[in-house]
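The next block holds one structure in the form of C-alpha cells; read it before the comments.
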Amino acid sequence: MEVICQECKKVLKSTAKGEDLSVYSISREIYNPTIGSIASSINIKLKEESDITESLKEGESRLSNYRDCDLAESYNFCQACYYKLLLTFESATHLLEKERDIYMENLQKVQQEKSKIDAEKDENQEKVLTTKKEELESELAALIEEEKILDEETKQLEEEEAAITVKEQEYWEKENEYEYKLKNHLESNAQMKNQWKSHFSGLTKHYDYLKKLNVLNDVFSINIEGEFGTISGFRLGTLGSKGNEVENEEINGAIGQCILLVSTIALKTEFTFSNIDLKPMGCYSKISYLNEGGKKCTYSFSFYNKTSFNTGMQVFVKAVNLLGQHFQKKFNHIKGKVKLESFKALSLDRFRFNSDHLEEWTNACKELLKVLKWFIYMSQVEDRIRQENTKNN
Ligand SMILES: [Zn+2]
C-alpha cells in the first residue's frame with residue numbers, strides 16, 4: 001500500500017519502496033468547509049488585501065482539487081505541505097477574524113446610528129407633537145378669546161336691542177300722541193273750515209247784495225224842496241224874492257253835482273259823447289264843446305258869469321238829451337218788463353237864464369233834475385239786466 005502527499009505527490013509510505021515518512025491527515029469534514037469559507041472570503045470580503053488574497057487564492061485552487069476526492073476519508077500531506085496548509089488556514093482565520101471585527105464594528109456603528117436615528121426620530125416626533133400641541137393650544141386660546149369677544153358682542157347687541165326696544169316704545173307712544181293730536185287738529189280744522197264756509201257764504205251774499213246796490217240814488221239824491229228841485233241838498237234855481245233867493249255858490253254846487261252825475265252815468269253805461277267833454281270839479285265844474293268847425297270851446301259853470309254859465313248850460317242840456325236818447329234806444333225793446341217812460345228831449349231855449357223870468361228857469365231846472373233822476377233809474381235797470389244775464393250765463 002502506498003501513501004502519497006496530496007500536495008507535492010511525494011510518496012510517504014510504500015511497502016515496495018520502503019518509504020516510511022510521517023503522514024499528516026486532515027479529515028474531509030474539516031477540510032472541505034474550511035476551503036469553502038476561504039474561497040468565499042476571497043471572493044467576497046477580502047478583495048482589497050491583495051497579498052493575502054493572492055496566497056489564499058493559490059491555496060484555495062490547490063486545495064480545492066481534493067474536495068471531490070472520495071478515495072479516502074481524510075487527506076494526507078507531508079510535513080512541509082501540511083504546515084504550509086496550516087499557514088493558509090491561519091491566514092484565512094486571521095482574515096476572517098478581521099472580517100468579523102469589521103463586521104462587529106460596523107454592526108455596532110449601525111446599531112449606534114440606528115439608536116441615534118431612533119432617538120432623533122423620537123425627538124423629532126416629540127418636537128413635532130409638542131409643536132402641534134402648542135399650535136392646538138394656541139388655537140384653543142384663540143378660540144376661547146374669540147368666544148369671549150363673541151359673548152361680549154352678543155351682550156352688547158342684546159343691550160342695544162333692549163335700548164332700541166325702549167326707543168321703539170317711546171316712538172310709538174309719541175306717534176300715538178301725534179296721531180291723536182293730528183286727529184284733533186283735523187277735526188278742529190274741519191270745524192273751522194265749516195265756520196269759514198258759512199262766514200264766507202255770508203260774505204258772498206253780502207257782496208252780491210252790495211253788487212245789486214246802485215249807489216247813485218244815495219249819492220245823488222234828487223228831490224223837490226218847496227219851489228225848487230234839489231240835488232245832494234243843493235237847490236238848482238232861484239226866485240229872487242226874499243226867502244226864495246238862492247246864493248250863486250249853491251247854484252254852482254248844484255250844477256257841479258249834475259255834471260258829476262251825468263259824467264258818472266255815461267261812464268257806467270259806456271256811453272261816449274262825441275263832441276262834448278264833461279269836467280266835474282265841484283263848484284268849479286266846466287264843459288268843453290267841439291264845434292262843427294273843429295274848434296274846442298270850454299265854458300265854466302260860474303253863476304257870477306251868466307254868459308259863460310248860459311252857454312255851458314246849453315251844451316250840458318245837449319249832452320243830457322244825447323244820453324236820454326241813448327237809454328231810450330237801448331231799452332226800447334224791453335218795454336213792459338220794466339217801467340220805461342218815454343224820454344222827451346229838453347228844449348234848450350228854456351235854459352237860457354233871464355232875471356225877468358226866474359220862475360220859468362227854475363221850473364226848467366226842475367225838469368232837468370227829473371230827467372237826471374230817470375237816468376239813475378235807467379242805470380239801475382241796466383244793472384239788473386246785466387246781473388240776470390250773468391246769472392243765466
Ligand atoms: Zn508534500
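Extension gain, K329-V128: 0.36 nm per intervening residue step, less the Cα-Cα distance, totals 59.2 nm. Computed about the Cα centre, the dipole magnitude for the chain is approximately 6620 debye when only Lys and Arg (+1) and Asp and Glu (-1) carry charge, each at its Cβ. The convex hull drawn around the Cα atoms of the range 215-392, when projected onto a plane and averaged over every direction, covers 11.0 nm². In this structure, the pairs whose alpha-carbon distance is over 22 Å, taken from K295/K330; K279/K373; K174/K197; K242/K373; K295/K344, are K295/K330; K174/K197; K242/K373; K295/K344.
Compared with the dominant Cα axis of the chain, that is its longest principal axis, helix 358-392 is turned about 30°.
Could you calculate the FRET efficiency of R384 with N223 from 1/(1 + (r/R0)^6), where r is the beta carbon distance between them and R0 is 22 Å, rounded to 0.05? The formula returns an efficiency of 0.40 here. Helix-only arithmetic for the chain: the sum of -39500 (n - 2.57) across DSSP H runs with n ≥ 4, divided by the residue total, places the mean residue ellipticity at 222 nm at -23000 deg cm²/dmol. Between K279 and E19, what is the label-to-label distance in nm when each label sits 7 Å out along the Cα-to-Cβ direction? It is 20.2 nm. Would you list which aspartates and glutamates come within 15 Å of K132, measuring only between C-alpha atoms, while excluding same-chain residues fewer than 8 positions from it? Filter leaves D122, E123. Within the listed set D20, D277, D151, the residue fluctuating most in the Gaussian network model of the chain (springs between alpha-carbon atoms under 10 angstrom) is D20.
Readers should treat all values here as calculations from the given coordinates under stated rules, not as data from a laboratory. As the structure is a prediction and not an experimental result, all values here were calculated from the model. For neighbour counting, all protein chains shown are included, and Cβ atoms are generated from backbone atoms with ideal geometry for every residue, glycine included.
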